[in-house]
Amino acid sequence: MAEKKNFTRIGERGIGNIRSQVAQSMSYFKGSLYLGVTHPKGEGPDDAARILRYDIDRGEWETAYQSPLVEADVDAVVQDVYRGDMNSTLGTLEEGVEMVPQYRGFRCMTQFTKKGSDKPLLFASTLSHWGSQLLVSEDGETFDVACEPGLGNPDVLSFRTIISFNNKLFVSPVGTVKEGVMDRMFGDVAKLYVSDDPMGGQWEEAIPPGFGDPSNLSVFCMAVFDDHLYAGTGNPTRGFQLWKTKAEGRAPYQWTQVLTDGGFRFNDNEFVASMSVMNGELYVGSGIPGLGYDKAYDVGPAAAELFRVRADDSWDLLVGAPRFTPDGFKVPLAGMGPGFDDPENSALWSMATHDDTLYVGTHHCGSFHDCLGGKEVIGGGFQLWSSRDGEAWTAQTMDGFDDRFSTGVRTLVSTPNGLFLGTSTHREVEKIWARRTGGQYQPELGGLCIWLGK
């Protein structure tokens with residue numbers, strides 16, 4: 001088990017750019033770790049997203065890819081519906097800035113091997129105000145564009161999940177940018193695309209829109225379990241749904257609903273944030289966007305829950321609120337309420353199984369709320385929990401590995417070299433706290449961190 005004492009920080013302060021705040025995607029490819037970084041804003045050239053490569057033997061980072069620049073237009077600096085104030089914008093173009101990054105982030109990475117080939121490819125999905133694209137690399141050195149913006153819809157902000165299953169690549173569009181307004185979470189209706197030849201540009205719709213339910217606005221997370229592909233939705237009206245398919249025959253495939261109505265907690269479980277398999281069972285974590293309260297849809301505040309699903313579609317509530325359901329009365333088998341008994345854990349943001357142990361990393365809102373509220377002492381920092389059976393849990397850290405502004409575990413990846421953990425670190429809110437309390441603002445300590453547990 002990778003315990004707190006066995007985690008070593010191998011990257012800090014944005015790895016060369018403190019504006020790189022989110023370690024949003026990772027993949028272990030050809031013996032190296034690849035990291036896709038994301039910037040919360042795209043105000044100028046310094047916000048160009050990067051794909052970084054970590055040479056594990058040498059312990060060194062290098063840039064494998066950096067976003068090109070494009071001319072700034074109405075979509076360069078956008079209004080964000082989740083900020084709750086449509087009169088404010090996400091960032092500000094400085095005077096004289098004409099060029100901005102085409103990609104300000106990389107939201108997901110995965111490996112895919114085409115049927116009949118023995119050469120794995122590394123795919124990365126971009127976060128772009130002009131339509132998300134897939135980048136592909138055969139060697140980890142050169143990355144090429146593999147699709148048109150948004151697979152034909154340039155309003156698509158990102159592909160949040162890309163996954164390989166049954167010799168096919170599945171991608172889920174999440175978020176939109178339209179006429180200077182960004183919704184980072186949802187589109188008009190949930191869609192999912194599939195291709196057995198993504199380099200050839202042949203894509204089909206893998207589901208009927210919204211799985212037949214227009215209140216499903218995105219496919220937010222996917223996982224492979226028991227020879228099925230599982231897809232978890234975002235649904236701010238009724239709560240997430242969980243579906244599965246064998247992906248046989250022609251698309252759109254036959255899908256079976258496993259969970260609905262946010263596990264019968266309804267929209268307090270707005271979306272499926274993470275999934276992982278351990279000991280022949282699928283673990284599912286929920287979440288709410290923002291700081292545990294979805295301003296755009298007036299959902300919450302609420303903390304996240306953890307579920308366990310078996311191949312026969314039966315399920316347990318592990319962490320959450322007791323309740324009556326059509327499947328009987330459910331009590332949290334771990335003996336903890338929502339958010340691992342912490343109302344500030346708004347999402348179980350990442351999961352990974354490593355050395356027969358399940359790790360769950362949270363998004364914690366405490367430091368945001370403390371700073372905005374002008375508290376003298378700042379709490380918060382992400383939490384990392386581990387379990388070998390899903391019911392007895394150990395907290396590896398309750399304070400972001402001693403960094404209150406490392407607010408989330410955005411990525412967890414198990415490799416032969418250990419468990420890699422990437423943070424979301426936001427220090428700008430400290431500026432507000434310093435102004436209100438007279439405390440010290442330390443922007444030089446900002447930027448994402450990467451940890452390696454062994």
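LYS4: which lysines have alpha carbons under 22 Å from its alpha carbon, excluding same-chain residues fewer than 8 sequence positions away?
The reachable lysines, counting only those whose Cα sits under 22 Å from LYS4, are LYS454.
So how long is each side of the stretch 4-453 along the principal axes, counting just the alpha-carbon atoms, biggest first, in Å?
Principal extents (Cα only, largest first): 56, 50, 48 Å.
Among PRO343, VAL299, GLY210, which residue has its Cα positioned farthest towards the positive end of the charge dipole of the stretch 4-453, with +1 placed on the Cβ of Lys and Arg, -1 on the Cβ of Asp and Glu, and the dipole taken about the Cα centre?
It is PRO343, whose Cα lies furthest towards the positive end.
Which listed residue (ALA247, LEU259, PRO236) has the Cα farthest towards the positive end of the charge dipole for the stretch 208-311, taking +1 on Lys and Arg C-beta and -1 on Asp and Glu C-beta about the Cα centre?
ALA247
Which one, ALA352, ILE163, TRP130, projects farthest toward the positive side of the charge dipole computed for the chain from Cβ point charges (K/R +1, D/E -1)?
It is ALA352, whose Cα lies furthest towards the positive end.
Structure shown: which of LYS119/LYS168; LYS119/LYS246; LYS168/LYS191 lie over 22 Å apart, alpha-carbon to alpha-carbon?
Values: LYS119/LYS168 14 Å; LYS119/LYS246 24 Å; LYS168/LYS191 16 Å.
Where the Cα-Cα span goes over 22 Å, the pairs concerned are LYS119/LYS246.
In nm, what is the difference between 0.36 nm times the number of residues separating ASP73 and ASN167 and their Cα-Cα distance? Working shown, then result.
On the way: separation 94, 0.36 × 94 = 33.84 nm, distance 3.92 nm.
Between ASP73 and ASN167, full extension yields 29.9 nm more.
So what is the relative contact order of the chain, in percent, for Cα pairs below 8 Å that sit 6 or more residues apart?
Values: 1337 pairs, mean separation 59.2, N = 454.
This gives 13 percent for the chain.
What length, rounded to one decimal in nm, is gained on full extension from ARG58 through to TYR441, with 0.36 nm per residue of separation minus their alpha-carbon distance? Don't jump to the answer; show the numbers that get you there.
Details: separation 383, 0.36 × 383 = 137.88 nm, distance 3.42 nm.
Stretched out fully, the ARG58 to TYR441 stretch lengthens by 134.5 nm.
Can you show me the helix-derived [θ] at 222 nm for the chain, built from DSSP H runs with n ≥ 4 at -39,500 (n - 2.57) apiece and divided by the number of residues, rounded to the nearest 500. Could the numbers behind the result be given before it?
Numbers: 4 runs with 25 residues, N = 454.
After summing the helix terms and dividing by residue count, I get -1500 deg cm²/dmol.
Could you calculate the FRET efficiency of THR394 with ASN417 from 1/(1 + (r/R0)^6), where r is the beta carbon distance between them and R0 is 22 Å, rounded to 0.05?
Details: r = 23 Å, r/R0 = 1.02.
Taking R0 as 22 Å, the efficiency between THR394 and ASN417 is 0.45.
Counting only C-alpha contacts under 8 Å and six or more residues apart, can you give the relative contact order of the stretch 240-279 as a whole percent?
Numbers: 49 pairs, mean separation 16.0, N = 40.
Computed value for the stretch 240-279: 40 percent relative contact order.
ASP341 to ASP196: FRET efficiency via 1/(1 + (r/R0)^6), r the Cβ-Cβ distance, R0 56 Å, to the nearest 0.05? Walk me through the numbers on the way to the answer.
Values: r = 45 Å, r/R0 = 0.80.
Calculated value: 0.80.
Using 0.36 nm times the number of residues separating ASP46 and LYS246, minus their current alpha carbon distance, what extension gain do you get?
On the way: separation 200, 0.36 × 200 = 72.00 nm, distance 4.35 nm.
In short, 67.6 nm is gained.
FYI, it's all coordinate maths here, none of it is from the lab. Being a predicted model, the structure only gives us computed values, none of them experimental. All Cβ positions, glycine included, derive from the backbone under ideal geometry; neighbour counts span all protein chains shown.
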